[in-house]
Structure formats: structure tokens, C-alpha cells
1. Net charge within 13 Å of residue 100 by Cβ-Cβ distance, Lys/Arg positive one each and Asp/Glu negative one each, not counting residue 100 itself?
2. Using only the Cα atoms of the chain, construct the convex hull and provide its projected area averaged over every direction, in square nanometres to one decimal.
3. Given R₀ = 25 Å, what would the calculated FRET efficiency be for residue 25 paired with residue 71, taking r from the Cβ atoms and rounding to 0.05?
4. Around residue 150, with a cut-off of 15 angstrom between Cβ atoms, what is the net charge of the other residues, counting Lys and Arg +1 and Asp and Glu -1?
5. Looking at the chain, which longest stretch skips every one of the trypsin sites (Lys or Arg not before Pro) that is in a DSSP loop with at most 13 other Cβ atoms within 10 Å, leaving the sites themselves out?
6. Of the heavy-atom accessible surface of the chain (probe 1.4 angstrom), what whole percent is carbon and sulfur?
7. Along the charge dipole of the chain, pointing to its positive end and built from +1/-1 on Cβ of Lys, Arg, Asp and Glu, which listed residue (61, 165, 98) has its Cα farthest out?
8. Counting heavy atoms of the protein chains only and a 1.4 Å probe, report the per residue accessible area for the chain as a whole number of Å².
Amino acid sequence: MSTNTKITLSDKELTLVTNADWILTKQMIIQKVYQMFAESIPAVQSLMMRKNVNLPDEARSSVPKIYKGENYLQLPYVMFDYPRSFNKENIFAVRTMFWWANFFSITLHISGSHFKNIKKNIIKNKELLTRDFFIGINENQWEHHFESTNFLSFHTLSAEDRKKYLDQNDFIKLALKFDLHQWNNMPALLFEGYKKITSIIS
């Protein structure tokens, strides 16, 4: 019987499949991300519930949600959505993401009538976007990576391009990205990120 090379293991693969430590460590790290996100909920709720923050009613009354997956572009991830309101035509969400081997991020994702209602706040506060923000340019609003086909640094864009990307779709995604090497400072960095998000929609 011939050997199927697709199901044989390389030396590296054989080392991994016979060693439980790495997968147990991975599970421990994922659990720590869950804990980090869960412990941030009270402070984020207090921040988002301020009266001057322009939230749709259904987002204001939403319940925080933390969940994980194993295969965003073949790598594990954890997401924390709050505030959140998703339906077929209208979306309002602040999504925090941990993506294995890549980054933490916070994304403001608004579409449909919610975007129309909040767009004036974003335009009024657009100078705040020049500091750290990326703007989504992909027609597919469900991609999260920071390749140049999906997000561009807002401050590098011309005034003409800034207007174009604010106007081209009935949705907008504005994101902050954090290096994984900043892990030990991540709770504070994420909270500062949430403050920047609220300043844009206030």
C-alpha cells in the first residue's frame, strides 16, 4: 500500500503531536484573554453609558458577549462585543479582538441607519481619527485583518481620500491596533482605546 504524503508527519509535526504542553499553554492563554475582557466589562459599561455617547437604544441596552473561534485565517481568536446591535441592515458594535500571533484590536463598526445617524458625530470629530486610527476600506465589512486591502492608517490619507472612505459605503469601520508585546499593559491600553472610540461618537 502506498503512503499518502499528505497524512504523514514531518519531524516538527511529530514533536508537536506528542507534546501536550504547547496546546495546554495555548488554552491557558485563551483563558487569560477571556479573563482580561471580562474584567474590563464594568469600566467599559460605565464609559459607554454616559449620556453624551451617541448609542442606538438597542446597543445601549445590550449585554456584553465574549466568544472564541479557532479559524480566522487559520488562527485562533477571541472577540468581545459591547455595546452591540446586529441585524441584517443595521449594525452598531464596538468589537475587541485578540488574534493569535497578530494583535489586539478595537473596532467601531456601524452600518445602515445607525451610520447615517452617527456619521455627523464622526465627521465633527474626525481630527481625533488622525492620531491612532485605521479606517476600513474593504467592501466586505466582516474582515478583521490589518493588511492594506482592509484597513489603512487614517493619518496617512489625503483629505480627499479621507472623505472618500467616509462616504463610499453605508457602513464604516474605525479601528485601533495593539501589539501583542504590550500584553502586560493591555487592560490600560484597551481602556484608553474605548475612551477614544467614545470621543468620536460623542
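The values are calculated or read from the model by the stated rules, or taken from the named source; none is laboratory data. Keep in mind the model is a prediction, meaning the values are calculated, not measured. Methodologically, a virtual Cβ is constructed for each residue, glycine included, from the backbone with ideal geometry; neighbour enumeration extends over all protein chains shown. The protein model used for the area step is the full one, side chains on, heavy atoms only, and it has no ligands, DNA or RNA in it. Shrake-Rupley method; radii C 1.70, N 1.55, O 1.52, S 1.80 Å.
1. Numbers: positive: 26, 32, 68; negative: 70.
So the environment of residue 100 carries a net charge of +2.
2. Details: hull surface 58.0 nm².
Mean shadow area of the hull around the Cα atoms is 14.5 nm².
3. Numbers: r = 19 Å, r/R0 = 0.77.
Using R0 = 25 Å, I get an efficiency of 0.85.
4. On the way: positive: 95, 173, 177; negative: 139, 143, 147.
Overall, the nearby charge balance is 0.
5. Numbers: sites that count: 6, 50, 51, 88, 131.
Result for the longest clean stretch: 132-202.
6. Working: 6060 of 11690 Å².
The C+S portion of the solvent-accessible surface of the chain is 52 percent.
7. Working it through, the farthest residue towards the positive pole turns out to be 61.
8. Details: 11690 Å² over 202 residues.
Per-residue value: 58 Å².
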